[in-house]
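The values are calculated or read from the model by the stated rules, or taken from the named source; none is laboratory data. It should be emphasised that the depicted structure is a prediction, and the values quoted were computed from it without experimental measurement. For neighbour counting, all protein chains shown are included, and Cβ atoms are generated from backbone atoms with ideal geometry for every residue, glycine included. Side chains are part of the model used for accessible areas, which takes the heavy atoms of the whole protein and leaves out ligands, DNA and RNA. Shrake-Rupley method; radii C 1.70, N 1.55, O 1.52, S 1.80 Å.
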Amino acid sequence: MTTTLHPLVTEARRLADGLLAPCAQRVDQDGVPASHLDAVRRGGLLGVSAPEEFGGAAAPDSVAREIAEILAGACCSTWFVQTQHHTPVRLLAGAAPGLAARERFLRPLATGELLAGIAYAHVRASPRVPVRARVDRDGVRFDGTVPWYTGWGLNDVMLLAGVTEADEVVFAFADAREQPGLRPSPPLRLAALTAARTVSLELDGLRVPAENVVRRTPRAEFARVDVPRSTNASPAVFGVARAALDLLGDTPDERGAAESLRAGLDEVRARAYALADHPVAHEHVEERLALRTRAYDLMRAATTAAVVAGGGRATSLDSPAQRLAREAMFLLVQGQTAPVRRAHLAALSGAGR
Ligand SMILES: Cc1cc2nc3c(=O)[nH]c(=O)nc-3n(C[C@H](O)[C@H](O)[C@H](O)COP(=O)(O)OP(=O)(O)OC[C@H]3O[C@@H](n4cnc5c(N)ncnc54)[C@H](O)[C@@H]3O)c2cc1C
């Protein structure tokens with residue numbers, strides 16, 4: 001069975017063509033409306049990777065990737081808000097059966113009754129500890145600053161991470177609302193994806209009950225799993241690149257550029273996804289990084305081609321070309337880790353020669 005036949009892929013395409021793409025210019029300027037997330041939720045897309053026994057679709061990763069490509073190409077801001085949700089779902093799905101947080105949160109997250117955000121990228125900032133966690137009998141206390149939290153005002157709960165004095169990473173669910181110990185900044189004004197309602201969070205003694213704790217793991221152990229995973233190319237990169245190429249017209253020049261870039265994307269995508277499906281995440285890291293970097297190059301070329309082909313009017317805020325070019329800029333840093341940053345800069349250092 002090809003992934004294009006999966007009903008959730010069909011649903012994503014329907015949503016993309018009928019709602020997300022037609023609204024993308026307005027959303028980029030005005031913000032992601034809650035109704036977009038409701039549509040994603042109603043379509044069952046929030047449960048794509050969740051276990052069936054909890055109300056999810058348990059679809060293979062290939063289906064989740066294809067859906068991500070479709071949503072990101074149609075409206076990168078909406079894709080980005082909803083993509084946060086899939087990390088807590090996967091974490092809970094992999095947690096021990098019977099764990100209180102799993103029993104409490106997995107079903108409502110899988111069915112879309114609750115929408116989750118994440119606040120954990122700061123854990124990668126080692127040796128800095130932007131968020132300190134202190135575990136006691138009643139639960140966890142969090143203090144510090146979460147630099148990035150997307151979907152504020154849209155999602156219901158957040159998966160929050162902090163690091164203990166013993167260098168353990170603690171993941172726990174907290175309500176995604178202002179409360180004693182949790183204060184959001186005003187929405188961040190960014191060159192791209194301002195629409196995704198990203199804020200920073202000041203934590204000053206935020207208390208989370210013990211039954212909301214999902215995982216405690218030594219930071220080195222977290223990095224052992226997290227760092228290799230982050231070397232894979234993001235499906236959103238292919239989605240945005242293809243959306244840009246779809247803007248190219250029918251002149252021989254534009255057709256030539258589109259065909260060449262599409263061929264490059266298809267090849268890199270196939271190789272990157274084959275590695276993403278490889279059972280050992282920490283193998284072939286150099287190749288994964290090379291493919292991730294190559295995917296970025298092709299995405300930048302594709303969005304640049306759309307701007308060049310569009311001429312001056314491509315710079316109008318009404319133009320999808322400039323929006324996709326800005327979204328592409330954002331994707332260059334989304335999920336960036338130290339090895340990803342190093343590999344990307346090394347590749348760029350060769351570009352001037
Ligand atoms: C608009 C937006 C929304 C986001 N929303 C979320 C969210 O909802 N939840 C969430 O968890 N994250 C979110 N992020 C974070 C995001 O996924 C990335 O993890 C983040 O952009 C990585 O960069 P940083 O700027 O936070 O980290 P930085 O501290 O700049 O570092 C990135 C990586 O490079 C390394 N590094 C930095 N400087 C150097 C250097 N000089 N030499 C060597 N290595 C270095 C760091 O150790 C780190 O691993 C968001 C980011 C953006 C831009």
### Query
Which residue, 190, 46, 154, has the most motion in a Gaussian network model of the chain that connects Cα atoms within less than 10 Å?
190
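Just to confirm the filter: which trypsin sites (Lys or Arg not before Pro) across the range 1-81 are DSSP coil and have at most 16 other Cβ within 10 angstrom of their Cβ? Present the calculation step by step, with values, prior to reporting the outcome.
Details: sites: 13, 14, 26, 41, 42, 65; in loops: none.
For trypsin sites (Lys or Arg not before Pro) across the range 1-81 that sit outside H, G, I, E and B with at most 16 neighbouring Cβ atoms in 10 Å, the list is empty.
Which net charge results when you count Lys and Arg as +1 and Asp and Glu as -1 among the other residues whose beta-carbon is under 12 Å from that of residue 164? Can you show the working numbers first?
Working: positive: 132, 134, 141, 216, 219; negative: 136, 143, 165, 167, 168.
Neighbourhood net charge equals 0.
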### Query
In the range 252-325, what GluC sites (Glu not before Pro) fall in a loop by DSSP, with at most 15 other Cβ atoms inside 10 Å?
283
### Task
Would you rank 67, 118 by solvent-accessible area, highest first, keeping every protein chain in place and using a 1.4 Å probe?
118, 67
### Most mobile of 74, 328, 281 in a GNM of the chain (Cα contacts under 10 Å)
281
### Query
Could you sort 38, 253 by accessible area so the largest value comes first, with the probe set to 1.4 Å?
253, 38
### Task
Please report, as a whole percent, how much of the solvent-accessible surface of the chain comes from carbon and sulfur atoms (probe radius 1.4 Å).
54 percent
## Note on the structure
Going residue by residue through the range 133-138, the Karplus relation 6.51 cos²θ - 1.76 cosθ + 1.60 with θ = phi - 60° gives ³J(HN,Hα) values, rounded to whole Hz and with x marking Gly or Pro, of 10, 10, 9, 9, 4, 8
## Note on the structure
In terms of the charge dipole of the range 3-111, which places +1 on Lys and Arg and -1 on Asp and Glu at the beta carbon, the residue among 50, 39, 77 farthest towards the positive end is 50
### Query
What whole number of Å gives the distance from the Cα centroid of the range 111-188 to the Cα centroid of the range 323-351?
25 Å
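Rounded, prolate or oblate: which fits the range 77-124, taking a ≥ b ≥ c as square roots of the Cα gyration tensor eigenvalues, rounded meaning a/c under 1.5, else prolate when a/b beats b/c?
Details: a/c = 2.65, a/b = 1.34, b/c = 1.97.
Cα axes put the range 77-124 in the oblate bin.
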### Task
Treat every Asp and Glu Cβ in the chain as -1 and every Lys and Arg Cβ as +1, leave all other atoms uncharged, and give the resulting dipole magnitude about the Cα centre to the nearest 20 debye.
620 debye
### Between helix 235-245 and the chain: long-axis angle, C-alpha atoms, 0 to 90°, nearest 10
20 degrees
### Message
Could you identify which residue out of 191, 133, 244 has the top mean-square fluctuation in a GNM of the chain using Cα springs shorter than 10 Å?
### Response
191
#### Entry: C-alpha long axis of helix 76-93 to longest principal axis of the chain, angle in °
40 degrees
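Within the set of other residues whose C-beta is less than 13 Å from the C-beta of residue 191, count the net charge using Lys and Arg as +1 and Asp and Glu as -1. Please list the in-between numbers first.
Working: positive: 189, 323, 326; negative: 28, 327.
Every neighbour counted, the sum reads +1.
Per the Kirkwood formula on distinct C-alpha pairs, the Rh of the chain is how many angstrom? Walk me through the numbers before you get to the answer.
Details: mean 1/r = 0.0478 Å⁻¹.
Evaluated over the chain, this radius sits at 20.9 Å.
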### Message
For a quick check: with amide H placed at 1.01 Å from N, whose amide H comes under 5 Å from residue 50's, ignoring anything fewer than 5 positions away on the same chain?
### Response
57, 58, 59
### Message
Angle check, please: helix 61-74 long axis (alpha carbons) against the longest principal axis of the chain (alpha carbons), in degrees 0 to 90, nearest 10.
### Response
60 degrees
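With every protein chain kept in place and ligands, DNA and RNA left out, what is the accessible area per residue of the range 3-111? Probe 1.4 Å, answer in Å². Could you put the intermediate results ahead of the total?
On the way: 4170 Å² over 109 residues.
Result: 38 Å² per residue.
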### Query
How long are the three semi-axes of the equivalent ellipsoid of the range 198-342, in whole Å, if each is the root of 5 times an eigenvalue of the C-alpha gyration tensor, listed from largest down?
35, 22, 11
### Summary
Rounded to the nearest whole number, the Stokes-Einstein translational diffusion coefficient of the range 238-317 at 37 °C and 0.692 mPa s (Kirkwood radius, C-alpha pairs) in µm²/s is 242 µm²/s
